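J.: Here you go, one structure.
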Amino acid sequence: LLAVTAFFNLLKAYLFDQEFASLLKIKTQLLDKLIYLIIALTVVILIRAVGIVLALALLTAPPAIALKFSSDLKKVMLLSVAISLGFCFAGLWASYQFHIASGAAIALLAAFSFLVSNTAAGMRSFRLKRRD
């Protein structure tokens, strides 16, 4: 979190266009290694904490849903975190209320939310195309 916050503008330039970042004299090899390190630590910590299925659900669904609402990198990152927290709290609540496994509840909630957001986005684009 500290590394992403500290190097946000450099990471944004690098992730958008690596060649452009190197023209700006940004050390792209260092950022490349930093990104790999952040990804590796995230995956290892998530798998140890919650398991592989839940780790995949929490790494893929929230950013995919957040991209439906914004294309700004900072907003997508913050919205992804908020969505992940929402999935965790709602999944834990559902597992307590319905006496089911918490990991499964969170993963199912994430998958269902992803399907709903894709369906809503598809219906919205269909309506916009139909108007034209």
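The values are calculated or read from the model by the stated rules, or taken from the named source; none is laboratory data. None of these values were measured; they are calculated from a predicted model. Positions of Cβ are backbone-derived with ideal geometry, glycine not excepted, and every protein chain shown enters the neighbour counts. Side chains included, ligands, DNA and RNA excluded: accessible areas come from the protein's heavy atoms. Shrake-Rupley method; radii C 1.70, N 1.55, O 1.52, S 1.80 Å.
J.: With charges set only on the Cβ (+1 for Lys and Arg, -1 for Asp and Glu), what does the dipole of region 1-128 come to about its Cα centre, in debye to the nearest 20?
T.: Numbers: 10 positive and 4 negative charges, 35 e Å.
Here the size comes out at about 160 debye.
J.: Let me ask you something else. In region 50-74, which residues have a backbone nitrogen under 20 Å from the label point lying 7 Å from Lys129's Cα in the Cα-to-Cβ direction?
T.: Flagged as within label range: 68-69.
J.: Which shape class applies to region 90-131: rounded if a/c is under 1.5, otherwise prolate when a/b exceeds b/c and oblate if not, where a ≥ b ≥ c are the square roots of the Cα gyration tensor eigenvalues?
T.: Values: a/c = 6.39, a/b = 4.32, b/c = 1.48.
Prolate is the answer for region 90-131, as a/c is 1.5 or above and a/b outweighs b/c.
J.: Residue farthest toward the positive end of the dipole of region 11-59, with Cβ of Lys/Arg at +1 and Asp/Glu at -1: which of Leu56, Leu41, Ile26?
T.: Of the listed residues, the answer is Leu41.
J.: Using a 1.4 Å probe over the heavy atoms of the protein chains, calculate the carbon and sulfur portion of the accessible area of the chain as a whole percent.
T.: Here carbon and sulfur together make up 70 percent of the probe-accessible area.
J.: Continuing with this model, one more query. Taking a ≥ b ≥ c as the square roots of the Cα gyration tensor eigenvalues, with a/c under 1.5 meaning rounded and otherwise prolate when a/b beats b/c, else oblate, which class fits the chain?
T.: oblate
J.: Continuing with this model, one more query. Counting Lys and Arg as +1 and Asp and Glu as -1, what is the net charge of the other residues whose Cβ lies under 13 Å from the Cβ of Ala66? The partial results should precede the final answer.
T.: Working: positive: Lys68, Lys74, Lys75; negative: Asp72.
That sum, taken over residues with Cβ under 13 Å, equals +2.
J.: Rounded, prolate or oblate for region 1-72? Axes are the square roots of the Cα gyration tensor eigenvalues, ordered a ≥ b ≥ c, and the cut-off for rounded is a/c under 1.5.
T.: Numbers: a/c = 2.77, a/b = 1.57, b/c = 1.77.
Verdict is oblate for region 1-72.
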